[in-house]
Amino acid sequence: MDKTLKISKIKEGTVIDHIAAGKALKVLAILGVDESNSISIGIRVMSDKLAFKDVIKIENKFLEKIELDKIALIANEATISIIKNYEIIEKFNLDMPQTFKGIVKCGNQNCITNAGEPVKSEFKTVKTNPLTIKCIYCKKEMSDEEIINNV
Ligand SMILES: Nc1ncnc2c1ncn2[C@@H]1O[C@H](COP(=O)(O)OP(=O)(O)OP(=O)(O)O)[C@@H](O)[C@H]1O
Ligand SMILES: [Mg+2]
Ligand SMILES: [Zn+2]
């Protein structure tokens with residue numbers, strides 16, 4: 001019995017690889033996708049580097065800066081490969097931005113950014129590993145799960 005099953009290569013699109021095991025659905029949730037995007041997701045698949053990893057392959061999808069910043073918040077360890085005509089034409093790791101504007105909802109309900117005023121949320125990165133960010137308005141610090149649940 002053949003015990004392998006291959007998924008098709010994508011012709012044009014993006015591979016988001018080495019996502020920490022179990023985080024792929026959260027990453028997928030922040031990506032804008034539509035009917036032109038065929039998507040394969042691997043959750044807790046074997047990796048050479050980590051024991052297990054998640055991976056997402058999306059046909060006809062090229063990530064925008066805001067999507068890259070959101071992925072950095074959720075899965076900073078991810079590797080992005082851009083595919084054109086079945087080949088990788090560009091591959092990179094994610095930079096951790098020093099500021100996040102309008103991307104994370106402040107966890108403080110009394111923050112000015114949650115008051116219905118036209119003030120966009122803005123956070124500064126305090127440290128990485130574990131990632132901690134700080135609201136420039138109310139100074140609330142957020143990390144890990146709290147960030148992921150508010151992206
Ligand atoms: N045309 C394609 N369609 C779908 N996935 C692709 C395609 N080309 C490459 N990939 C995937 O993109 C990712 C990066 O490819 P690469 O060949 O650099 O892998 P690798 O040698 O395992 O690198 P790494 O050290 O990053 O794990 C892998 O998950 C690979 O399966
Ligand atoms: Mg690999
Ligand atoms: Zn705040």
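Worth a mention:
- Residues that are at negative phi and among the acidic types (D, E), drawn from the stretch 109-151: E117, E122, E141, E145, E146
- Residues that are β-branched (V, I, T) and not in a loop (DSSP other than H, G, I, E, B), drawn from the stretch 1-50: T14, V15, I16, I19, V27, I30, I39, I41, I43, V45
- Of the strands (runs of 3 or more DSSP E) lying entirely inside the stretch 67-141, those carrying at least 2 residues that are away from ligand 2 (no atom under 16 Å from the Cβ) and farther than 19 Å from V15 by Cβ are 99-101, 122-127, 132-135.
- Scope the stretch 4-40; condition in contact with a helix residue (DSSP H, G or I) (Cβ under 6 Å, 6 or more places away or on another chain) and open to solvent by 70 Å² or more (accessible area, probe 1.4 Å); matching residues: K26
- Check on L73, touching a residue at least 40 places away in the same chain (Cβ under 8 Å) and open to solvent by less than 50 Å² (accessible area, probe 1.4 Å): yes
- Hits in the stretch 142-151 - residues which are out of contact with any Gly (no Cβ under 7 Å at 6 or more places or on another chain) and in a strand (DSSP E or B): S143
- Residue list for the stretch 84-125, filter: surrounded by 12 or more Cβ atoms within 10 Å (Cβ to Cβ), over 19 Å from the mean Cα position of the chain (by Cα) and more than 10 Å from ligand 3 (Cβ to nearest atom): K84
- Flag if I58 is within 16 Å of ligand 2 (Cβ to nearest atom) and within 20 Å of E12 (Cβ to Cβ): no
- Test: residue in the stretch 84-103 that is closer than 19 Å to L28 by Cβ, in contact (Cβ under 8 Å) with a residue 60 or more places away in the chain and not aromatic (F, W, Y): no
The values are calculated or read from the model by the stated rules, or taken from the named source; none is laboratory data. These numbers come from a predicted model, not from an experiment. Every residue, glycine as well, gets a Cβ built from its backbone with ideal geometry; the counts of neighbours run over all protein chains shown. Heavy atoms of the whole protein, side chains included, go into the accessibility calculation; ligands, DNA and RNA do not. Shrake-Rupley method; radii C 1.70, N 1.55, O 1.52, S 1.80 Å.
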